[in-house]
Amino acid sequence: MYCVFFCLFEYNTLPREYMSTQTDIRFKRVTGEEALELYQSNDLNSLSELALKIRREKNGNYVWYNKNFHLEPSNVCIHRCKFCSYRREQDNAPGAWNMTLEEATDYCIDKYKPDITEIHIVGSVHPLRDINYYYNLIEHIRRNLPETVTIKAFTAVELDDMAKKASIPIEELLIQLQNRGVKILPGGGAEIFSQRVRKIICPDKADATRWLQIHEKAHKLGFRTNSTMLFGQLETREERIEHMIMLRDLQDKTGGFDAFIPLLYKKANNNLGINKEADITEILKTFAISRIVLDNIPHIKAYWPMLGKETSQLTLLYGADDIDGTINDSTKIYSMAGSREQNPSLTVDEIEKLAGECGFNAVERDSFYNIISKK
Ligand code: V47
């Protein structure tokens, strides 16, 4: 074990090396076997040290955040993902919602404050909504919110369904959405790429190949996109590393991913039947390994509405550099799955405190990681 840590720290002498795009420091690229060896280590201090070195080299002392809110137009979904606590079978099921265009627009107008810079739209694969609803939704939002608000919208799974229903190629859908104002794709729907696990937890939706293909095509059209991994469910550590390496390979080709977001599986109100969530050491290790393996993805995001504020704070010491945003009580996916953050909202002061208590500086960013303000 010592040997793997030692090798990775010896930046300049190693045979296969990765030259960071931002500085001259060279890091050795880890293999899957090395990553697994690091994962098996209980030396959390060294894992933190290594992940911190990499995050400092890429992001200095910054903890990035933005001022954002989410729109979740519906939770009625054709897919029956076993881990999902959010979906409902039909519009009239208890706890279901399905916003009309007017309701969605009014919601956005209500949530918007002058300093908000991003709206994150993610919902479900509704059985009856077609492509016109989604085109109109983006058009209405673009007309009603100022240009200073970037639209980040629709996971690869939602896009796959829209394109299939409309019988159009995914490129055409992406171009139509881009023309209407979508700039970024969120990273959802990736879950875990392992076919073995996907067959059990989400057998009927876009598979790993399709998810990666949609992101690749989006990158080629100029979209920035995020990537995620749902961990702490049925997957093994090996499968997590395979997932990361598949993302790393695509990033080598396109460079289009801005962030990787390890999403912690939450067990309440779903059908996966797991009664123990990943514990804190597994969470911290997963963040550190992500930072180490994904040497070509600039940001590791700690999505605090799911992790909780305290755990998110700790992940900053294990490679995370982005804490998502202020949210303003606008997402239900994680509160319905049992997150401690039942009405997630953070003020700028709270974000600055959260980062500052770990020795970092909170920096407000726009959707493309340009600095808006820092202290
Ligand atoms: O794909 C659903 C996850 C994702 C549960 O791109 C669950 O900036 C844990 O992708 N326990 C959607 N996770 C959310 C998402 C996201 C969130 C924040 C930021 C960004 C970004 C993207 O939520 C799904 C799935 O992996 N999810 N149910 C659950 N019970």
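The values are calculated or read from the model by the stated rules, or taken from the named source; none is laboratory data. All values derive from a computational prediction rather than experimental measurement. Methodologically, a virtual Cβ is constructed for each residue, glycine included, from the backbone with ideal geometry; neighbour enumeration extends over all protein chains shown.
Computed values, structure above
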item: Members of segment 141-164 that are assigned to a helix (DSSP H, G or I), surrounded by 15 or more Cβ atoms within 10 Å (Cβ to Cβ) and among the basic types (Lys, Arg); result: 142
item: Residue check for residue 367: polar (S, T, N, Q) and in contact with a Ser or Thr (Cβ under 6 Å, 6 or more places away or on another chain); result: yes
item: Residue 231 buried (at least 20 other Cβ atoms within 10 Å of the Cβ) and either modelled with pLDDT of 95 or more or within 16 Å of the ligand (Cβ to nearest atom) (or both); result: yes
item: Residue 184 being within 11 Å of the ligand (Cβ to nearest atom), crowded, with 23+ Cβ neighbours inside 10 Å, under 18 Å from the mean Cα position of the chain (by Cα) and not aromatic (Phe, Trp, Tyr); result: no
item: Pairs with Cβ under 8 Å, 6+ apart, first in segment 168-185 and under 21 Å from residue 257 (Cβ atoms), second of a type in the set (A, V, I, L, M) and surrounded by fewer than 17 Cβ atoms within 10 Å (Cβ to Cβ); result: 171/221; 173/166; 174/221; 175/221; 178/221
item: Selected residue [touching a Ser or Thr at 6+ places or on another chain (Cβ under 9 Å) and among the acidic types (Asp, Glu)] from 357, 352, 341; result: 341
item: Only one of 191, 171 that is acidic (Asp, Glu), in contact with a Lys or Arg (Cβ under 9 Å, 6 or more places away or on another chain) and within 13 Å of the ligand (Cβ to nearest atom); result: 191
item: Residue check for residue 117: surrounded by fewer than 22 Cβ atoms within 10 Å (Cβ to Cβ), among the hydroxyl-bearing types (Ser, Thr, Tyr) and within 14 Å of the ligand (Cβ to nearest atom); result: yes
item: Sole exception among (1) more than 10 Å from the ligand (Cβ to nearest atom); (2) within 26 Å of residue 27 (Cβ to Cβ); (3) hydrophobic (A, V, I, L, M, F, W, C) for residue 263, by number; result: (1)
item: When residues of segment 150-168 are limited to those that are of a type in the set (Lys, Arg) and more than 13 Å from the ligand (Cβ to nearest atom), the one farthest from residue 76 (Cα to Cα); result: 164
item: Residue match in segment 142-149 (condition: on the phi < 0 side of the Ramachandran plot, within 16 Å of the ligand (Cβ to nearest atom) and either without any contact (Cβ under 8 Å) to a residue 24 or more places away in the chain or within 21 Å of the chain's Cα centre (by Cα) (or both)); result: yes
